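Chemist: Input: one structure, supplied below.
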Amino acid sequence: MGKAINNNGKYHKKLTIGLFGFGVVGEGLYKALQQTSSLNATIKKVCIKHPGKKRNAPEELFTTDKDELLNDEEINVIVEVINESEPAFEIVSTALLNGKHAVSASKKMIAEHLPKLLELQKQTGKSFLCEAAACASIPVIRNLEEYYDNDLLHSLKAIVNGSTNFILTKMFEESLSFKDALLLAQQLGFAESDPTLDVDGWDAVNKWAILLTHAYGIVEHPDNIVFSGIQNIQSGDALVAKEKHYDIKLVAQAKKLLNGKVAAFVLPQFVKADDHLSFVKNEYNGVVLESSFADKQFFYGKGAGSFPTASAVLSDISALRYNYRYEY
Ligand code: HSE
């Protein structure tokens with residue numbers, strides 16, 4: 001099981017941030033930081049791919065040269081929200097090797113490179129945090145790390161992808177077509193730039209691999225988790241489900257087995273009307289945990305969108321003030 005450490009009372013009075021990406025999440029973080037006075041953290045530079053685009057921030061903030069951020073000694077935190085696997089890995093690993101803390105929201109990158117990221121964290125003594133990478137606004141990663149450290153976590157059951165949950169809600173409760181519901185999810189900034197990542201379950205399985213690492217300390221590559229998305233679900237399926245008082249949801253599940261191993265999968269499932277997950281609608285996510293002493297608990301909140309995701313990044317930045325990090 002993972003655990004968090006507080007680095008011998010060392011405390012950063014000021015955090016100077018280099019931000020990679022100014023899309024839905026990056027801009028959300030920029031605006032959120034402007035409204036947060038208790039945190040002595042400022043964005044010094046933002047690295048973007050496409051210059052010349054009209055953005056709601058001063059032009060001198062932006063650059064296309066990643067080294068301006070990665071080699072700037074004043075910048076002590078790199079935040080990366082570009083959500084492109086290999087370039088994101090390059091940014092995060094260079095940041096750590098250059099003596100900076102790193103915060104990332106790139107689910108695919110983290111799920112695929114977790115062992116290497118953990119090694120880099122150990123090697124450099126810097127922190128790598130990723131609260132925004134799973135369930136966005138729900139503070140589930142840090143809770144799994146801290147709260148359950150001495151408890152026995154029997155099982156987790158969750159909805160971890162906002163877009164598919166949004167699509168299913170719109171299809172089954174508002175009779176929208178799959179295509180229109182997906183379009184709406186894209187317009188609202190929930191869906192990945194390649195929406196098949198959401199629809200076919202890739203995004204959910206990446207997040208599940210990340211959450212399982214924090215829940216059980218087992219670094220599981222997403223390729224080893226059985227999964228399917230909602231690509232084969234049709235409007236008629238809801239009618240059948242509704243008649244029997246069920247919802248259809250894309251559910252991620254994990255259970256600790258008696259031999260210590262963890263069985264995990266992500267699949268569309270019928271969910272009973274009185275199940276906690278049935279309460280999770282639209283872009284919301286939910287996590288139901290069962291553990292020895294705390295018994296059953298339910299975490300709930302927005303799992304996608306600009307400010308909900310930025311809020312998780314903000315909480316990582318805040319935790320970096322006292323050098324918080326996960327230790328495996
Ligand atoms: N596409 C993702 C989702 C965004 O719908 O959940 C948040 O990770």
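Chemist: For GLU327 and LYS13, compute 0.36 nm times the residue count separating them, minus their Cα-Cα distance, and round to one decimal in nm.
Modeler: 110.7 nm
Chemist: Would you compute, from DSSP H runs of 4+ residues alone, the mean residue ellipticity of the chain at 222 nm, taking -39500 (n - 2.57) per run and dividing by the full residue count, rounded to the nearest 500?
Modeler: -11000 deg cm²/dmol
Chemist: While we're on this one: Return the FRET efficiency for the residue pair LEU239, ASP149: r is the Cβ-Cβ distance, R0 is 51 Å, and the value is rounded to the nearest 0.05.
Modeler: Computed FRET efficiency for LEU239 and ASP149 comes out at 0.70.
Chemist: Here's something else I'd like to know. Where is the GNM fluctuation largest for the chain (alpha-carbon springs, 10 angstrom cutoff): LYS296, LYS107, LYS170?
Modeler: Looking only at LYS296, LYS107, LYS170, the largest GNM fluctuation is found for LYS296.
Chemist: LYS179 to ASP295: extension gain in nm, 0.36 nm per residue of separation minus the Cα-Cα distance?
Modeler: Roughly 37.8 nm would be gained on extension.
Chemist: How far apart, in nm, are two points set 7 Å out from the Cα along the Cα-to-Cβ line at ASP67 and at ASP274?
Modeler: 6.5 nm
Chemist: Sorted by average packing, counted as other Cβ atoms within 10 angstrom per residue and highest first, what order do 37-50, 65-78 take?
Modeler: So the peptides 37-50, 65-78, ranked by packing, come out 65-78, 37-50.
Chemist: Once a ≥ b ≥ c are taken as the square roots of the eigenvalues of the Cα gyration tensor of the chain, is the result rounded (a/c under 1.5), prolate (a/b larger than b/c) or oblate (a/b not larger than b/c)?
Modeler: Cα axes put the chain in the oblate bin.
Chemist: How do 52-63, 129-140 rank on mean C-beta neighbours within 10 Å, highest first?
Modeler: Those peptides, ordered most packed to least, come out 129-140, 52-63.
Chemist: Among CYS47, TYR11, GLY26, whose Cα sits farthest toward the positive end of the charge dipole of segment 3-100 (+1 at Cβ of Lys/Arg, -1 at Cβ of Asp/Glu, about the Cα centre)?
Modeler: It is TYR11.
Chemist: Taking the chain as a Gaussian network, where each spring joins two C-alpha atoms under 10 Å apart, which residue of GLY236, GLY21, GLY301 fluctuates the most?
Modeler: Of GLY236, GLY21, GLY301, the most mobile in the Gaussian network model is GLY236.
Any read-out appearing in this document is the output of simple, stated calculations on the displayed coordinates, not a laboratory observation. None of these values were measured; they are calculated from a predicted model. Using ideal geometry, Cβ is built from the backbone for each residue, glycine included, and neighbour counts are taken over all protein chains shown.
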